[in-house]
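The values are calculated or read from the model by the stated rules, or taken from the named source; none is laboratory data. Being a predicted model, the structure only gives us computed values, none of them experimental. Note that we place each Cβ from the backbone using ideal geometry, even for glycine, and neighbour counts take in every protein chain shown.
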Amino acid sequence: MKITAICMAVLAALLFAPQAMSAAKAPDRVGPFLNFCVKHHQDCMTSLVVDEIATNLGGNSGQCDIPRGVETDAGNAQVLDWLKAHPESHALPLHDGMQAAMKSIWNCAAAVKTGMTSMGTPDTIGPFLVFCEDKHHYAKCASEIVGDNMAVYAGTQGLNDSAKGHCPSPDGIDTPELTRKILGWLHEHPELNDQDTETSVWAAGDSLWPCH
């Protein structure tokens, strides 16, 4: 299962939840869906994310996903562009069309080395900490930390093999507190500056709240 993609998808679902309750129903075939997206951009993007969540939670066996290193919105925009450019896909069910697009664009790669995470933050801790010092980056910085923490929680539920054995934050910690504590710990451990952002956030959580 592709861990960062799961984080992004679940986080996006939570962020979109209020709109999703009153969302327009999206067509389930590619051609009508593309027409739907013209007037219902947010519902269109939400539908793509929901399909990705379902694919991941279903085990992702033989299925493609947006690779790590590609932001969710940017990846879904590429999927839509591919579908528009391939009219032979327009009669397909939406899920099948998305899979065809992902196979063509990324060849089902688990990750693409872009220097960025799928949340749009630097993929190593040193640059990530510098990035987070800019208040204009707070939303992305916090989203990365929340998403990585959610990946660990998924690991405790058997939904994320790579995050098994790591410790999610205890109940009651809100996003500002979680972000502040993780960043504080990471600043105190410069030996991790060249390490992967996601796994370093996991290490911070393991140290801060060793599985409660």
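Assessment of segment 144-154 against the conditions (under 18 Å from the mean Cα position of the chain (by Cα) and not in a helix (DSSP H, G or I)) yields no matching residue. Would you be able to tell me the number of residues in segment 141-162 that are hydrophobic (A, V, I, L, M, F, W, C) and at pLDDT below 85? Of the residues in that region, 2 qualify. Restricting to segment 55-106, what's the tally of residues that are within 23 Å of Asn160 (Cβ to Cβ) and in a loop (DSSP other than H, G, I, E, B)? Total satisfying the criteria: 13.
Scanning segment 98-127 for residues that are farther than 18 Å from Ser143 by Cβ, out of contact with any strand residue (DSSP E or B) (no Cβ under 8 Å at 6 or more places or on another chain) and touching a residue at least 40 places away in the same chain (Cβ under 8 Å) returns Met98, Trp106, Cys108, Ala109, Lys113, Gly126. Can you tell me which residue within segment 32-85, out of those that are free of Cβ contacts under 8 Å to residues at least 12 places away in the same chain, more than 28 Å from Pro122 (Cα to Cα) and aliphatic (A, V, I, L, M), is surrounded by the fewest Cβ atoms within 10 Å (Cβ to Cβ)? Ranking the candidates gives Val38 first.
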